[in-house]
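Asker: Sharing a structure below in structure tokens format, with a few things to ask.
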Amino acid sequence: MAARMMALLLSLAGALPAMAQESAAGATPVVDMDAVVVTGVQPGPGMWRAVRDGHALYILGTQSPLPRGITWQASETREVLAQAGAVLGPPGVTINADIGFFRGLTLAPSAFKAMKNPDGETLDEVLPPEIYARWSVLKQRYLGRDRGVEKKRPLIAVYELYKAALKDNGLREGGVVGPVIDKALKERGLERTPALLALKIDDPREAIADFRKEGLKPEDLACFSGTLDIIERDLPQIVARANAWAVGDLDALRTMPSGRDQVLACLSAWTRTETARKRGLVDIDARIRDSWLATVDATVAAHPVSFATMSIDELLRDGGYLAELQRRGYRVEAPDEYEDDEPADAPPADAIAPSPL
């Protein structure tokens, strides 16, 4: 439980798509949805390809959230999965607290308490009045009379609000790409190649106790108010981005704003805690990147065809993971750059056997 609680705090930041701009002072009227969420069978965006020494890594750019009513057609991805010698997940982090099952159960009450504000405070007591006023409007709309959420830490509370807003607007996190990959792996008896940065907390009980004492920081407010911006103003943009992924419109995705700044703002709400610093949980973003790239190098060297997933925001970002792969000697091509021009040193399209799935 302690490990899961710490992992949750690290993952919340990456889960927020954050199309927010600078936070506006005072309450902002909620923007009603004016975008239609696509439904039915959709093709998705295709895959990026990174080639080195005749071996190819196919990278599917994922998007969260996605339209609730779509079915991903995924034939191209199934073909690659049928041939891939290894399947990697996206860059991320896993925390191993090295505790037994029964000891973990004894930590559960402390972990749940750590997700609440210190000293039993409620959100109206810890947030500035103008920010709490904005929260109240959105909470009433999407969470109703849920009183329990008022006792939770701002980062936890605002994420619950965000998830409720997505559901209300026909969007969902997960359930589209993952099942396709899981089915292909099961059919082949193949396990995912671990690609996450592995961190360890030697003192989970003490870590939870330390975190429970931590109060509100500027980073918490930046994450909280930025996420309110998303819910108030940017849901139509999120729907547009989800639709663009579903129909495979890369040109539209390239013109849409990145959410990286807000993701980093929310991540810093955890990494700048004293609890994290005491345990060396710093520079997480760079360490995740280095861990993933090292795994990619080893995997690609070992297999003619490999497959991985990564946020499409990251794939479209200048100076991101694709730039790092290029610096390591890979030739990187977007889906619309290699479909009609198969490079000589990459596995040709007809060498990828059709999947029986």
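The values are calculated or read from the model by the stated rules, or taken from the named source; none is laboratory data. What you are looking at is a predicted structure, and each value in this text was computed from that prediction instead of being measured. Cβ atoms come from the backbone with ideal geometry, glycine included; neighbour counts cover every protein chain shown. These accessible areas exclude ligands, DNA and RNA; they are computed on the full protein's heavy atoms, side chains included. Shrake-Rupley method; radii C 1.70, N 1.55, O 1.52, S 1.80 Å.
Asker: Working carefully through the options SER225, SER268, find the one that is among the hydroxyl-bearing types (Ser, Thr, Tyr) and either in contact with a Phe, Trp or Tyr (Cβ under 7 Å, 6 or more places away or on another chain) or modelled with pLDDT of 90 or more (or both).
Answerer: Of the residues listed, the single one that is among the hydroxyl-bearing types (Ser, Thr, Tyr) and either in contact with a Phe, Trp or Tyr (Cβ under 7 Å, 6 or more places away or on another chain) or modelled with pLDDT of 90 or more (or both) is SER225.
Asker: Can you find even one residue in the stretch 157-178 that is farther than 21 Å from SER311 by Cα, out of contact with any Asp or Glu (no Cβ under 8 Å at 6 or more places or on another chain) and outside any helix (DSSP H, G or I)?
Answerer: yes
Asker: What residue, among those in the stretch 213-227 that are of a type outside the set (A, V, I, L, M, F, W, C) and outside any loop (DSSP other than H, G, I, E, B), is nearest to the chain's Cα centre (by Cα)?
Answerer: THR227
Asker: Do any residues in the stretch 50-79 that are closer than 25 Å to TYR162 by Cβ and part of a loop (DSSP other than H, G, I, E, B) have Cβ atoms under 7 Å from those of residues that are of a type in the set (S, T, N, Q) and open to solvent by 10 Å² or more (accessible area, probe 1.4 Å), where the two are at least six apart or on different chains, and which pairs are they?
Answerer: Partner pairs satisfying both residue conditions: GLY69/THR39.
Conditions tested, residue by residue: (1) closer than 30 Å to GLU324 by Cα; (2) buried (at least 19 other Cβ atoms within 10 Å of the Cβ); (3) at pLDDT 95 or above.
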| site | (1), (2), (3) |
| --- | --- |
| THR77 | yes, yes, yes |
| ALA111 | no, yes, no |
| ILE131 | no, yes, yes |
| SER136 | no, no, yes |
| TYR142 | no, yes, yes |
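Asker: Please state which one of VAL51, VAL41, VAL37 is among the β-branched types (Val, Ile, Thr) and open to solvent by 40 Å² or more (accessible area, probe 1.4 Å).
Answerer: VAL41
Asker: Among the residues of the stretch 253-263, is there at least one that is modelled with pLDDT of 90 or more and either open to solvent by 10 Å² or more (accessible area, probe 1.4 Å) or within 15 Å of the chain's Cα centre (by Cα) (or both)?
Answerer: Yes, the stretch 253-263 contains a residue that is modelled with pLDDT of 90 or more and either open to solvent by 10 Å² or more (accessible area, probe 1.4 Å) or within 15 Å of the chain's Cα centre (by Cα) (or both).
Asker: Here's another thing I want to ask about it. Among VAL126, VAL149, which is the only one that is more than 30 Å from GLY69 (Cβ to Cβ) and either modelled with pLDDT of 95 or more or more than 18 Å from the chain's Cα centre (by Cα) (or both)?
Answerer: VAL126
Asker: Now for a separate question. What number goes with the only condition from (1) outside any helix (DSSP H, G or I); (2) under 30 Å from PHE224 (Cβ atoms); (3) within 18 Å of the chain's Cα centre (by Cα) that LEU281 does not pass?
Answerer: (3) is the only condition that LEU281 fails.
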